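For reference, the structure discussed in these notes is given below.
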Amino acid sequence: MDKLSRFLFDSANVRGEIVQLKDSWQAMLSNHAYPKVIRDYLGETVAASVLLSATLKFEGSLTIQANGDGGALTLLVVECSNDFGVRGVAKYSEPIPEEDDLKTLLENGTLVITIEQAKTKERYQGIVALEGNSIAEFLQGYLIRSEQLETRIFLAADEQAVGGLLLQQLPGQQEDDSWERITHLGSTIKAEELLGLEAKKILHLLYHEEDIRLFDAQSVHFQCSCSRVKVTKMLRSISHQEAADIIQEQGNISVACEFCGKSYQFDEIDIAEIYSTHIQPSDSSIRH
Ligand SMILES: [Zn+2]
């Protein structure tokens, strides 16, 4: 099962989360053939998005989006909802440089976190400084600044699975060196452990001398929010003439969702309808 597990140190003012995904990660990879380095950065971001979404206190979603500007990684976008529906996609230009570290791939790029409340559509956006050279370092820096709480994030990804560990100091006095001890032990986690061991075993491995409360895991799943209505809106960004030309050439317009691979077809009649009315079609008009 893909899941997020939360835990609490009884002996220290520290909380933690472990995320491990297989099926939802496989769903994200199924329509893509990413080069390894791109795949792994996407996977790490997916794991991080679930760790960060665990603190959402309302119905909504958290999006992590990187936009490159000249580097080989042109776009990376991952979205996770408050009930842990996750999706993500990356775009890149080849060749991937030999020096394929994140800074080079994302040259002059930006990384933005957007939190959107589902009901009110209210949005909060935060710019993530590209300090460090990993998704984990970028995001932990962001959390330290935005939440004013010491945070450490460890991420791992391969073709099978993605995993993440988050440690965060809780507000309040820190009286001893427990934070240093806990984060030092956390930093000894190996990628294969984060990807392959049960959360309980990871905690035993790292912290068998600490008293820890591990809470029931919450399940994480792949979820795509694409719809015919959204694709229709997107289609309106090309002119009626362009749409008509494609229909003329190919018989219909086929648009595939980049996240889930689902294909949406529009024929001549659909196109005539889309451009003849300014009323947005409602969800009830979805045809299969
Ligand atoms: Zn989709």
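Odds and ends about this structure:
- Within segment 105-125, tally of residues that are surrounded by 13 or more Cβ atoms within 10 Å (Cβ to Cβ) and either of a type in the set (S, T, N, Q) or more than 21 Å from Tyr92 (Cα to Cα) (or both): 5
- Filtered residues of segment 174-206 (kept if touching a residue at least 40 places away in the same chain (Cβ under 8 Å) and of a type in the set (A, V, I, L, M, F, W, C)): Trp179, Ile182, Leu194, Leu195, Ala199, Ile202, Leu203
Residues checked against (1) closer than 13 Å to Gly16 by Cβ; (2) within 21 Å of the chain's Cα centre (by Cα):
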{"site": "Val128", "(1), (2)": "no, yes"}
{"site": "Glu131", "(1), (2)": "no, yes"}
{"site": "Leu139", "(1), (2)": "no, yes"}
{"site": "Ala157", "(1), (2)": "no, yes"}
{"site": "Lys190", "(1), (2)": "no, no"}
{"site": "Leu194", "(1), (2)": "yes, yes"}
{"site": "Leu205", "(1), (2)": "no, no"}
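Read-outs throughout are calculated quantities, based only on the coordinates presented, and are distinct from any laboratory measurement. Note that the coordinates shown come from a computational prediction; the quantities given were computed from them, not determined experimentally. Because the Cβ atoms are built from the backbone with ideal geometry, glycine has one as well, and the counts that use them run over all protein chains shown.
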